[in-house]
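Computed from the coordinates by the stated procedures, all read-outs in this text should not be read as laboratory data. None of the values given here were measured: they were computed from a predicted structure. Reconstructed Cβ throughout: ideal geometry from the backbone, glycine too, with neighbour counts over all protein chains shown.
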Amino acid sequence: GYGAAICESPSRIAREKLESEYRNCTMKIFILTGATSGIGLEAAKALAANPAHRIIAGVRNPKSANDLRSAVPAGQLQILDFDAASLESVRRFAAQVSSWDGLAGNAGIQTAGELERSADGHELTFAVNHLANFCLIEELL
């Protein structure tokens with residue numbers, strides 16, 4: 001009846017709008033850290049499915065980015081040095097980014113055993129998982 005048409009109409013309109021925007025999508029630039037494996041690599045693959053998307057990947061070890069390079073077309077991928085255990089590296093990375101539309105700070109580690117320190121003297125897990133992301137956002141904004 002009438003109620004069903006009201007409830008259905010917004011979802012149909014929203015779906016058509018999303019489909020139209022996808023077809024007419026202007027280029028979007030996404031920054032990804034931790035994109036060489038796991039959830040970060042899957043996020044890169046999902047973003048790369050839209051040819052209008054560009055990915056700036058912060059990578060600690062360029063040799064570890066082979067799966068990322070295989071998953072994302074070269075024209076959509078820019079790999080930059082990014083070591084989340086060094087706030088100076090995070091700042092250098094951010095300084096190389098001139099514009100962006102989205103950020104997924106996925107770099108992270110979990111250490112066990114002996115206390116490990118970052119290049120800045122902070123406990124390593126805290127530095128990589130928290131301080132690096134905060135610093136990156138602060139520098140980009």
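Below are the figures for this structure:
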read-out: Efficiency of FRET from Cβ geometry, ASN66 and ARG117, R₀ 35 Å, rounded to 0.05; value: 0.75
read-out: Long-range amide H partners of GLU116 with built H, under 5 Å; value: LEU124
read-out: Rg(Cα)/(2.2 N^0.38 Å) for the stretch 41-126, N = residue count; value: 1.20
read-out: Ranked by how many other beta carbons lie within 10 Å on average, peptides 91-99, 48-56 from highest; value: 48-56, 91-99
